[in-house]
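Okay, structure first, notes after.
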Amino acid sequence: MKTVDLIVPCYNESEMIDLFYERTTEVVSKIAGYKFNFIFIDDGSADDTLAKIINLAENHSDVKYISFSRNFGKEAGMYAGLKASTGDRVAVIDADLQHPPELIETMLKAIDEEGYDSCSARRVSREGEPKLRSALSRLFYKIINKMSDVEIVDGAVDFRMMSREMVDAVISLPEVQRFSKGIFCWVGFKTKWIEFKNVARVAGQTSWSMWGLFKYAIEGITAFSTFPLRIASIMGVLISSASFIYLMFVLIKTLAFGDPVQGYASTIVILLFIGGITILALGIIGEYLAKMYIETKRRPVFITRKTNIKDEKNEK
Ligand code: UDP
Ligand code: MG
């Protein structure tokens, strides 16, 4: 019998823990031929999420958990779960029931019967989401796919079932600043995409702010593409060429018509324009420098405060 680990990142999901466990258990218990285990990751929740998880773990032997020393973010949560997992198949799923557990069976089928290494969900509607937010996310996917080598599917959510081989590949990537949507794609393997309709959160509220999403977008672009650095060089070339043409123009004009003092406006405009571009280019370089700085510290992705998994390997 194959084992399946369900990794559930939780941040202030107090109301969801029991509900999630009940619903999911009810659904997966009908799937024959697999043994399911839950790995809850308490991402430094401020409410009693951890107490709820521990209570669950005391009553059910299929519940494992890792609790972080503070909020490290969902990426860290997923990574901790993948690292701690031992199952033949491993899935990442949200605690808020926005990822229908009914899809788990289809996902397992894709891997064990149809020869895929992974099966991931993609939402086709963005109902229950603010319009501006949907528009901005679409724009983000357009930009990142134009710029980077990995293809990040629009509407892809972090709900994915993977084979052991793929999980091992994912955790073998050593970066500290993890952008899973890119990593899952970068490692390769064959992924089947299945579609589902967006469902509203059952309880609690999303922890994503607009600013958080913006930072996430910049993170994603700089993690998988060095194209912005090239933009700086391209702009440099374009502006130098334009300046050269203008230089010739000024030179010829001066030779032909003399040089009465004028041109304050053009001077200031050019100065400001070049200044702006220079600062932008520096900013782009700074983004990458900052990334390198953080990476070179080699800090752990997460720190465990409490867990019921007896294995030193997730201490790191
Ligand atoms: N989450 C987490 N750490 C965080 C933020 C969120 O582990 O810092 C978890 C959260 O508990 C949920 C999942 O990640 O299980 C998705 O979060 P959310 O529902 O807020 O995001 P959305 O569905 O709006 O993308
Ligand atoms: Mg959600």
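At-a-glance table
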item	result
Subset of the range 189-210 (residues that are at pLDDT 85 or above, of a type outside the set (S, T, N, Q) and not in a loop (DSSP other than H, G, I, E, B))	K192, W193, I194, E195, F196
Given (1) under 31 Å from the mean Cα position of the chain (by Cα); (2) on the phi > 0 side of the Ramachandran plot, number of the condition G258 does not satisfy	(1)
Odd one out for F36, checked against (1) touching a helix residue (DSSP H, G or I) at 6+ places or on another chain (Cβ under 6 Å); (2) surrounded by fewer than 24 Cβ atoms within 10 Å (Cβ to Cβ); (3) under 16 Å from R160 (Cα atoms); (4) modelled with pLDDT under 95	(4)
Residue identified as modelled with pLDDT of 85 or more and either within 16 Å of ligand 1 (Cβ to nearest atom) or touching a helix residue (DSSP H, G or I) at 6+ places or on another chain (Cβ under 8 Å) (or both) among D158, D149, D168	D158
Residue check, V261 part of a helix (DSSP H, G or I) and free of Cβ contacts under 8 Å to residues at least 12 places away in the same chain	no
Matching residues, the range 6-25, being among the aromatic types (F, W, Y) and within 12 Å of ligand 1 (Cβ to nearest atom)	Y11, F20
Near pairs, Cβ below 7 angstrom, 6+ apart or cross-chain, from the range 202-223 (among the acidic types (D, E)) to any residue that is away from ligand 2 (no atom under 16 Å from the Cβ)	E219/Q177; E219/F179
F189 away from ligand 2 (no atom under 16 Å from the Cβ) and within 30 Å of L282 (Cβ to Cβ)	no
Single residue of I31, I93, I66 found to be among the aliphatic types (A, V, I, L, M) and near ligand 1 (Cβ under 10 Å from one of its atoms)	I93
Pair list, Cβ < 6 Å and 6+ apart or interchain, from the range 1-19 residues that are within 18 Å of T106 (Cβ to Cβ) and of a type in the set (V, I, T) to residues that are at pLDDT 90 or above and more than 14 Å from ligand 1 (Cβ to nearest atom)	V4/Y34; V4/F36; V4/G87; V4/R89
Wholly within the range 80-188, helices (runs of 4 or more DSSP H) carrying at least 3 residues that are surrounded by fewer than 17 Cβ atoms within 10 Å (Cβ to Cβ)	103-112, 131-147, 164-172
Unmet criterion (only one of (1) over 22 Å from Y79 (Cα atoms); (2) surrounded by 13 or more Cβ atoms within 10 Å (Cβ to Cβ)) for I279	(2)
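The values are calculated or read from the model by the stated rules, or taken from the named source; none is laboratory data. If you're wondering where the values come from, they're calculated on a predicted model, not measured in any experiment. Every residue, glycine among them, receives a Cβ derived from its backbone with ideal geometry; neighbour counts consider all protein chains shown.
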